[in-house]
Amino acid sequence: MSSVVVEARAVRKAFGRTEALRGTSLAVDEGEVVAITGPSGSGKSTLLLCLAGVLRPEAGEIWYAGRKLDDLSESDRTRLRRREFGLVLQFGQLVPELSGAQNVALPLLLEKHDRGAANTLAHSWLERLDALEVADALPGEMSGGEAQRVAIARALVTGPRVIFADEPTGALDTVSGERVLGALMTTARESGATVVLVTHDNRVAASADREVVIRDGAVCPAPVIR
Ligand SMILES: Nc1ncnc2c1ncn2[C@@H]1O[C@H](COP(=O)(O)OP(=O)(O)OP(=O)(O)O)[C@@H](O)[C@H]1O
Ligand SMILES: [Mg+2]
């Protein structure tokens, strides 16, 4: 039997006069890989950030594992995000002053892991994502693709229950994009993690369990079931 782990219920979110989400609902089952697609500006990133508890909707509800995120304080939401979620954002989000390995180890250190163990784990994740060569480099010295691989390693290092990824292969060429996505999917399938992934890439969407199309801030009525 499937069980819903993350859910948006009739969520509305506006930026000034732009209505990014207009009553959007989406329920994702535990262990499911869902691809969110749709035109630029349709509200995909906004929906992802609301589901991940980064943005607070103006109306509607966000649920995670039986808890209503909207009811949690900012610090409880931050703690929950750190412990349960892995987040890969659309635009560069590494800490510029930290090396690749330090960026990956950061979420472990925030959770009070031992420094040596965090460093070892960070290196093993960088290796898995084919980014070991930038372990000692600063983000400013990395290519877009390298930085993206480091960001994915950082999102996976804590063993999250839900992985939220916004265009995780957008900055990569086809071959490295496939490798990175392969690593992300294998990790998710192995650990039973749920994945919510925004993508423009039809092949990426095709590798998901389900594709959800967003247009003008709402989920299209006929989702594509694979
Ligand atoms: N921080 C913000 N401030 C103002 N407007 C915003 C902000 N974030 C998003 N928007 C607007 O909300 C709408 C939805 O944006 P969103 O980033 O969710 O789209 P998207 O589907 O992810 O697009 P893309 O495929 O280009 O990444 C757009 O009209 C966008 O301009
Ligand atoms: Mg976006």
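The values are calculated or read from the model by the stated rules, or taken from the named source; none is laboratory data. As the structure is a prediction and not an experimental result, all values here were calculated from the model. Virtual Cβ from ideal backbone geometry, glycine too; neighbours counted across all protein chains shown. For accessibility, only protein heavy atoms count, side chains too; no ligands or nucleic acids. Shrake-Rupley method; radii C 1.70, N 1.55, O 1.52, S 1.80 Å.
Quick look at the values:
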item: Mean-position separation - Cα centroids, region 172-206 and region 104-120, in angstrom; result: 25 Å
item: 3J(HN,Hα) from dihedral phi, region 106-117, Karplus parametrisation 6.51/-1.76/1.60, rounded to Hz, x for glycine, proline; result: 3, x, 6, 5, 5, 9, 6, 6, 5, 4, x, 5
item: Label-point gap, in nm, between Ala10 and Val95 - each point 7 angstrom along Cα→Cβ; result: 4.1 nm
item: Ordering of 45-54, 208-217 by burial proxy (mean other Cβ atoms within 10 Å per residue, highest first); result: 45-54, 208-217
item: Candidate aspartates and glutamates for bridging to Lys68, where Cα separation is under 19 Å - those fewer than 8 sequence places away on the same chain excluded; result: Glu7, Asp29, Glu30, Glu58, Asp76, Glu84
item: Three-way shape label, region 1-97, alpha-carbon gyration tensor, a/c 1.5; result: rounded
item: Extension gain, Glu58 back to Ser75 (0.36 nm per residue minus Cα-Cα distance, nm); result: 4.2 nm
item: Unit charges at the beta carbon, dipole of region 4-225: most positive-side option, Leu47, Ala14, Val157; result: Ala14
item: Probe 1.4 Å, protein heavy atoms only - accessible area per residue of region 4-225 in square angstrom; result: 46 Å²
item: Beta bridges by DSSP in region 4-225, antiparallel share as percent, to the nearest 5; result: 55 percent
item: Length added when fully stretched, Ser25-Arg189, from 0.36 nm per residue minus Cα-Cα; result: 56.6 nm
item: Ordering of 197-205, 112-120 by burial proxy (mean other Cβ atoms within 10 Å per residue, highest first); result: 197-205, 112-120
item: DSSP bridge pairs, region 151-226: antiparallel proportion in percent, nearest 5; result: 45 percent
item: Sites Arg17 and Asp130 - FRET efficiency at Förster radius 30 Å, r taken between beta-carbons, to 0.05; result: 0.10
item: Residues listed by number, region 81-102, amide nitrogen under 11 Å from Leu138 label point at 7 Å toward C-beta; result: 96-99
item: Residue-span extension gain [Lys112 to Arg179] - 0.36 nm each, minus C-alpha spacing; result: 21.0 nm
